[in-house]
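Input: a single structure, listed below in structure tokens.
The values are calculated or read from the model by the stated rules, or taken from the named source; none is laboratory data. All values reported here derive from a predicted model rather than from experimental measurement. Cβ sites come from the backbone with ideal geometry, for glycine too, and all protein chains shown count toward neighbours. These accessible areas exclude ligands, DNA and RNA; they are computed on the full protein's heavy atoms, side chains included. Shrake-Rupley method; radii C 1.70, N 1.55, O 1.52, S 1.80 Å.
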Amino acid sequence: MKIAITLLLYALAYGWGWTKLRGEERRRRRLLLGCIMGYGAYLNLCGITNTPHVSLGSLYTAFFQPVGRAIIYWLGG
């Protein structure tokens with residue numbers, strides 16, 4: 001039930017945002033809005049179901065943290 005309500009609220013927010021976007025580049029902005037809303041829904045649903053997910057934090061943990069540690073080690077720290 002939580003998942004259905006969450007998806008409904010995201011769909012309503014996307015529909016409201018769709019109507020508010022006007023102007024020359026509305027197609028690109030609507031696509032960007034859809035990507036942001038879709039990613040937000042994905043993260044929210046992964047949080048509800050406790051499933052592992054890919055996020056910017058996991059990219060940082062997987063790549064940048066080990067590289068930073070290696071650089072500090074090479075510099076003698």
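General remarks:
- Of [x] 119; [y] 96; [z] 81, the label for volume of the Cα convex hull per residue in Å³ derived from the coordinates: [x]
- Solvent exposure of the chain as accessible area per residue, Å², 1.4 Å probe: 85 Å²
- Compared with the direct C-alpha span, the chain from V67 to R29 gains 10.2 nm at full extension, assuming 0.36 nm per residue.
- Here the simple spin-label model places points 7 Å from the Cα toward Cβ, and for L21 and L8 these points are separated by 2.5 nm.
- Annotation for the chain: trypsin sites (Lys or Arg not before Pro) lying in DSSP loop with at most 10 further Cβ atoms inside 10 Å of their Cβ are R22.
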